[in-house]
Amino acid sequence: MEALHFHYPAVFSAAVISFVIGGLWYSPILFSRAWMKACGITEAQARSMNVAKVFGLALLANLVMAFNLSAFLGAKATLQFGLFAGLATGLGWVAMSLGVIYLFEQRPFKLWLINSGYQVLTYTVMGYPGCMEMKPTSLGRSLSRGLVSGLAGLLVAAPTSQAATTAVSSSGFTSSFRAEIKATPAQAWAAIAQLPRWWNSSHTYSGNAANLSLDAQAGGCFCERWRDAAGASHSVQHAQVVLAQEGRVLRLNGAFGPLQDLAVVGVLTIVASPGVGADADKHYLRMTYRVAGGADAGLDKLAPVVDDVIGEQFKRLQSLIETGSAS
């Protein structure tokens, strides 16, 4: 059998490129939300993963993939053959294998499209660095420059956002969300004050966010009022405004949803602010929900659910600020 020859820099670069593509493919700028929804992963679950372990093993797996593809291509593969072999591997083997598994597991078609699309793109791109002794050509150099430029552009364009659930215990937790926004604090405030527009109807008592109202001043009510089919009147005070600084901060005291029955305290703070220092030309939106109660409240079990709800409202508010639509 002919001895295997590996061009190690090319193999390592292929593994790194695959890793970077995966980071972009499953990022908010592309398919992270659709992927999480399709596979049933909540944001709280995603944030609770062991990042070092997951990313370390993922990089190792990409390295194995790169070595395997390089061994398959051989030392004298051409650029055209490398790209075609990568495409054929991703589409003909990996994507179809996933398709068979997903059919029997009755997993969503959308999930197959997202995961298979990543594999096809990854193997196709890896097919070029995998051509270990291929001489550089103008086409090859153009592809390399194009790939690097494209990845750099996506990284620059990717939104700066942070989310975390901290201080989780049976007696409390804190959900925090922060993102750069393409709007001034004054413009953000205008959207914040229109709370019924960005609060999801599925998280109301009446099932319709149009029944919500917000009086954005100290002592004001974040309330919900409606009549049922029989004409009976209903109302809920979700929270009370304790701080309103126009163009900057809105703070409400209130235990939302199932928390209301637990005699706990909840404080929701929404801040729109300019950056500082090197980020002085940027603007940020921050939402924090702090919940505290007795040790028997079992808030550690409710934290992931509440975190998902608040996180959803944060995204809807950000969308309303930047696009004029919360959906």
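The values are calculated or read from the model by the stated rules, or taken from the named source; none is laboratory data. A quick note: this is a predicted structure, and the numbers were derived from the prediction, not measured. Cβ atoms come from the backbone with ideal geometry, glycine included; neighbour counts cover every protein chain shown. Just so you know, the surface numbers come from the protein's heavy atoms only, side chains and all, with ligands and any DNA or RNA stripped out. Shrake-Rupley method; radii C 1.70, N 1.55, O 1.52, S 1.80 Å.
Which of the peptides 256-264, 17-25, 318-326 is most tightly packed, and how do the rest follow, going by the mean number of other Cβ atoms within 10 Å of each residue? Walk me through the numbers on the way to the answer.
Details: 256-264: 14.4, 17-25: 19.4, 318-326: 16.8.
The most tightly packed comes first, giving 17-25, 318-326, 256-264.
Accessible area, 1.4 Å probe, largest first: how do Glu105, Glu312 sort?
On the way: Glu105 105, Glu312 60 Å².
Descending order: Glu105, Glu312.
Using the Karplus equation 6.51 cos²θ - 1.76 cosθ + 1.60 (θ = phi - 60°), what ³J(HN,Hα) coupling, rounded to whole Hz, does each residue of the stretch 175-186 give in order, writing x for Gly and Pro?
Whole-Hz 3J(HN,Hα) from phi for the stretch 175-186: 9, 10, 9, 8, 8, 6, 10, 9, 6, 7, x, 5.
Shape of the stretch 224-308 from its Cα gyration tensor (a ≥ b ≥ c, root eigenvalues): rounded if a/c is under 1.5, otherwise prolate when a/b > b/c, or oblate? The partial results should precede the final answer.
Details: a/c = 2.71, a/b = 1.53, b/c = 1.77.
Oblate shape, in that a/c is at least 1.5 and b/c is the bigger or equal ratio.
So who's got an amide H within less than 5 Å of the one on Ser170, skipping anything under 5 residues away but keeping other chains? H placed 1.01 Å off N, in plane.
Sorted by chain and number, the residues that satisfy this are Asp300.
Taking the alpha carbon gyration tensor of the stretch 58-106, what are the square roots of 5 times its eigenvalues, largest first, to the nearest whole Å?
On the way: eigenvalues 121, 42, 9 Å².
Result for the stretch 58-106: semi-axes of 25, 15, 7 Å.
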